[in-house]
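Novice: Questions regarding the structure given below will be posed in turn.
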Amino acid sequence: MLAERVQRVMAAWAAEEGWREAPICQLERPAEEAHGDYATPVCMQMARAARRSPRHLAEELRLRLLADKEVARLVESIEVAGPGFLNLYLNGTAYSEAMTEMLAQGEEIGRVPPRAHPRINLEFVSVNPNGPLHVGHGRYAAYGDSLHRLLAFSGANVTTEFYINDFGRQMDRFGRSVAARYAQSFDLDLPVPGDGYQGDYVNEIAAGARAKVGDRYVAALRPAAVERRPAAAAGAESGGAPSPRAGEDLAAMAEEVFEDEGAEESSDWPQDPGVLEAVAFFKSWGCQAMLEGMRTELAGFGVLFDCWFSETALHSSGRLERVVQRLLETGEAYREGDAVWLRTTSRGDDKDRVLIRSNDQPTYFAADIAYHEDKLERGFEHLINIWGADHHGYVPRMNAAVEILSGRPGTLEVIIGQLVNLLEEGALKQMSTRRGEMVTLAELIDAIGVDAARFFLVSRSQDQTLDLDIDLARRHSQENPVYYVQYAHARISGIVRNVPEGTVTAISEGSGVFASPYERALIKRLESFSSVVQDAAERRAPHRIVAYAQELSADFHVFYKHCRVIGAEPDDASARFALCLVVRRVVFRCLDLLGVSAPESM
RNA sequence: GCGCCUGUAGCUCAGCUGGAUAGAGCAACGGACUUCUAAUCCGUGGGCCGCAGGUUCGAAUCCUGCCAGGCGCGCCA
């Protein structure tokens, strides 16, 4: 309103002076209170073209603005300041009208009406279902879910998705690990493979399987138990590496084999049909059990997915094969040296990438292409993927692939989330999924609760590595800023409970309400909410909501200290009550966007 | 070697599609509860915004180079 009016004055001035176009007079909200409610640097920007000093221009603009009826109605004073800034001070009418408008917006203040297009698919977490979710996954879950809420609130059409990496060697190892624990529970001497999963949760899954199928697979697994030992020694020496590398330190090689997830198959379990069938069963069983656990855990964390998509299904349905075939036909893919390659260099990648290896096995990349083709065929027009920083090297090829599939660049948007460093007793805590050494999301939630965990995990920009001190999280849980924000909500709820019967929310014009700087600061903050939401959504930056929520809460707590609602003069009481209600709606919304609860009392 | 991310107060970090004297929380110190919840408020101290150039009326912000840390650079997933 004011901004538009100012722009109109600007345009009229430009017309008078014969300027080709009116300079855009951006009204900013200065950080410094002494710089007014609004400020504009426009005169400094136009000084050169106008060949006049910024302060002279500012003085003329000041007079022109004051001469405008509508501007004069809302503005207390206008000052020329500094090198040529124009500072505008609003009067009580402007504040009252702003509040009246915000009050009328109701519960959904700040929400943008839903748009049908583009249809957005937002994929995040997407892990191998072979171990507990750890804190890093928790960060992606919290970030992705908040982003989902933020995008939806700002009108986007978003579907969330969890890609289940239930295919490949890691899952085979997981299956053998469960099988081994199962066998052990029947006193069979079948150790968990060295490259397998050692965590206690594997025992629990095996126990669950035993409760379901009894001893059905014990006999089938016996060959693995008997034959394993002698083979193990030989396996360790060759390390499963296809070509011996003379001169390399044996210990270093062994270390590499252990750490390298991409090492060639090193399991020495016999390829006995019974064993294979048993392992397949335990893999499937374990996968289902883990997924069920994750679904429950994520739901408890406030994160619900619209769709869970299985990688294995891409292989079994033939989609993977079809897309590779299609790419070969269109010439985007080609055969070379027994392998099939995708020409990703045509879309900005450093080198072409293998789709089908020379042993006829498809790569993970090929499956991912099939997956993204599926997303496109389901009608999604924009695909957002949230990946860990350790996958960022994968971005160019995937961008290229989706561009090839969709025929237009920019369809895929990969958001790289940096990792979480866990500190314990001031030292970095190293984690390994297979050894079962890690801090799980469940442990973090146990230590500090869902609200604090979610608030904390999204409080920093996602492209910033996040240091999480476990001891601090435990010890200072009371001092987490989440309580500061929740407390603002609880305090307002207290006012709502205690307000005398018949108190109305009304802002009477000309009654001199909202005269204090505390009320005005709050109103200004509330007014910026919708632009903060838009900004946070566009920049995929939910942490801005965290910062805003803290600022709004701070403004409220100061207001609360200085301004009574109950017991104030009737005009003030009604106006402040209205103000409180709007603050509560916005605080509630911020917390909701973050997946944090908004308590009525604390 | 190449690519991506990061370097801001003692600590953890905002601010980065350029604006005035660079902010918050924690930690430290000193104050405020006969009033709607003191999980709060008020005050004090604390900074070559990694370094050096450049663009601009104006740079923490944009460009270049350098230094430091993290991650990545497979016919692994």
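Novice: Just give me the residues in segment A:372-381 being more than 15 Å from A:Gly318 (Cβ to Cβ) and buried (at least 22 other Cβ atoms within 10 Å of the Cβ), in sequence order.
Specialist: A:His372, A:Lys375, A:Phe380, listed by residue number.
Novice: Looking at segment A:23-36 only, could you name the residues that are surrounded by 15 or more Cβ atoms within 10 Å (Cβ to Cβ) and either away from RNA strand B (no atom under 16 Å from the Cβ) or of a type outside the set (A, V, I, L, M) (or both)?
Specialist: A:Pro23, A:Cys25, A:Pro30, A:His35, A:Gly36 - these are the residues of segment A:23-36 that are surrounded by 15 or more Cβ atoms within 10 Å (Cβ to Cβ) and either away from RNA strand B (no atom under 16 Å from the Cβ) or of a type outside the set (A, V, I, L, M) (or both).
Residue-wise test of (1) under 19 Å from A:Arg544 (Cα atoms); (2) in a helix (DSSP H, G or I).
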| residue | (1), (2) |
| --- | --- |
| A:Asp446 | no, yes |
| A:Ala452 | yes, yes |
| A:Phe456 | yes, yes |
| A:Asp463 | yes, no |
| A:Val496 | no, yes |
| A:Glu501 | no, no |
| A:Glu519 | no, yes |
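Novice: So, in segment A:556-573, of the ones that are more than 7 Å from RNA strand B (Cβ to nearest atom) and closer than 13 Å to A:Arg491 by Cβ, which residue ends up surrounded by the fewest Cβ atoms within 10 Å (Cβ to Cβ)?
Specialist: A:Phe559
Yes/no matrix, rows are residues, columns are (1) closer than 30 Å to A:Ala141 by Cβ; (2) among the aromatic types (Phe, Trp, Tyr):
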residue: A:Glu70; (1), (2): no, no
residue: A:Pro83; (1), (2): no, no
residue: A:Asn87; (1), (2): no, no
residue: A:Leu90; (1), (2): no, no
residue: A:Ala104; (1), (2): no, no
residue: A:Arg111; (1), (2): yes, no
residue: A:Phe124; (1), (2): yes, yes
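Novice: Considering only residues that are touching a residue at least 12 places away in the same chain (Cβ under 8 Å) and among the acidic types (Asp, Glu), look in segment A:158-188 and name the one that is farthest from RNA strand B (Cβ to nearest atom).
Specialist: The residue in question is A:Glu161.
Novice: What about A:Glu4, is it out of contact with any Pro (no Cβ under 6 Å at 6 or more places or on another chain), among the charged types (D, E, K, R) and part of a helix (DSSP H, G or I)?
Specialist: yes
Novice: So which pairs qualify, if the first residue must be in segment A:585-597 and aromatic (Phe, Trp, Tyr), the second must be in a loop (DSSP other than H, G, I, E, B), the Cβ gap must be under 8 Å, and the two must be at least 6 apart or on different chains?
Specialist: Final answer for the pair search is A:Phe588/A:Ala598.
Novice: Identify all residues within segment A:525-539 that are touching a residue at least 60 places away in the same chain (Cβ under 8 Å) and buried (at least 18 other Cβ atoms within 10 Å of the Cβ); write none if there are none.
Specialist: Result: A:Leu526, A:Phe529, A:Val533, A:Ala536, A:Ala537.
Novice: Follow-up question, since we're still on this one. Looking at (1) β-branched (Val, Ile, Thr); (2) in a loop (DSSP other than H, G, I, E, B); (3) within 9 Å of RNA strand B (Cβ to nearest atom); (4) under 19 Å from A:Gln105 (Cα atoms), which one does A:Thr505 not meet, given that it meets all the others?
Specialist: Result: A:Thr505 passes all but (3).
Novice: State all residues of segment A:61-82 that are more than 16 Å from RNA strand B (Cβ to nearest atom), in a helix (DSSP H, G or I) and touching a residue at least 24 places away in the same chain (Cβ under 8 Å); if no residue qualifies, say none.
Specialist: Within segment A:61-82, A:Arg64, A:Glu70, A:Val71, A:Leu74 meet the criteria.
Novice: A further question follows. Does A:Ser126 satisfy being outside the structural domain of A:Asp195 (by TED's automatic domain parsing) and on the phi > 0 side of the Ramachandran plot?
Specialist: yes
Novice: Quick check: is even one residue across segment A:313-328 away from RNA strand B (no atom under 16 Å from the Cβ), under 27 Å from A:Gly595 (Cα atoms) and out of contact with any strand residue (DSSP E or B) (no Cβ under 8 Å at 6 or more places or on another chain)?
Specialist: Scanning segment A:313-328 turns up no residue that is away from RNA strand B (no atom under 16 Å from the Cβ), under 27 Å from A:Gly595 (Cα atoms) and out of contact with any strand residue (DSSP E or B) (no Cβ under 8 Å at 6 or more places or on another chain).
Novice: Just wondering, is there one or more residues in segment A:449-472 that are more than 11 Å from RNA strand B (Cβ to nearest atom), among the aliphatic types (A, V, I, L, M) and either without any contact (Cβ under 8 Å) to a residue 40 or more places away in the chain or within 16 Å of A:Val583 (Cα to Cα) (or both)?
Specialist: Among the residues of segment A:449-472, not one is more than 11 Å from RNA strand B (Cβ to nearest atom), among the aliphatic types (A, V, I, L, M) and either without any contact (Cβ under 8 Å) to a residue 40 or more places away in the chain or within 16 Å of A:Val583 (Cα to Cα) (or both), which makes the answer no.
Each row is one residue, and each column tells you yes or no for (1) under 45 Å from the mean Cα position of the chain (by Cα); (2) part of a loop (DSSP other than H, G, I, E, B); (3) surrounded by 13 or more Cβ atoms within 10 Å (Cβ to Cβ); (4) not assigned by TED's automatic domain parsing to the domain that holds A:Ala521.
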position	(1), (2), (3), (4)
A:Ala15	no, no, no, yes
A:Arg20	yes, yes, no, yes
A:Cys43	yes, no, yes, yes
A:His56	no, no, yes, yes
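Novice: Filter segment A:255-282 down to residues that are exposed (fewer than 15 other Cβ atoms within 10 Å of the Cβ), within 23 Å of A:Ala225 (Cα to Cα) and within 16 Å of RNA strand B (Cβ to nearest atom) and give me whichever is modelled with the highest pLDDT.
Specialist: Filtering first and then ranking leaves A:Glu265.
Novice: Let me ask something else about it. Please state which of the following conditions A:His148 fails to meet, knowing it meets all the rest: (1) free of Cβ contacts under 8 Å to residues at least 40 places away in the same chain; (2) surrounded by fewer than 22 Cβ atoms within 10 Å (Cβ to Cβ).
Specialist: (2)
Novice: Mind checking which residues of segment A:382-405 are over 11 Å from A:Arg347 (Cβ atoms) and surrounded by 15 or more Cβ atoms within 10 Å (Cβ to Cβ)?
Specialist: A:His382, A:Leu383, A:Ile384, A:Asn385, A:Ile386, A:Trp387, A:Gly388, A:Tyr394, A:Val395
Novice: Now a separate question. Filter segment A:399-433 down to the residues that are aliphatic (A, V, I, L, M) and either at pLDDT 90 or above or not assigned by TED's automatic domain parsing to the domain that holds A:Asp368 (or both) and list them by number. So that I can check it myself, show each step before the final result.
Specialist: Our first condition is that a residue be aliphatic (A, V, I, L, M); within segment A:399-433, this holds for A:400-402, A:404-405, A:412, A:414-416, A:419-420, A:422-423, A:427-428, A:431.
Of everything in segment A:399-433, those that are aliphatic (A, V, I, L, M) and either at pLDDT 90 or above or not assigned by TED's automatic domain parsing to the domain that holds A:Asp368 (or both) turn out to be A:Ala400, A:Ala401, A:Val402, A:Ile404, A:Leu405, A:Leu412, A:Val414, A:Ile415, A:Ile416.
The values are calculated or read from the model by the stated rules, or taken from the named source; none is laboratory data. Worth saying up front: this structure is predicted, and the values here are computed from it rather than measured. Here the Cβ is made from the backbone with ideal geometry for all residues, glycine too, and neighbour counts use every protein chain on show.
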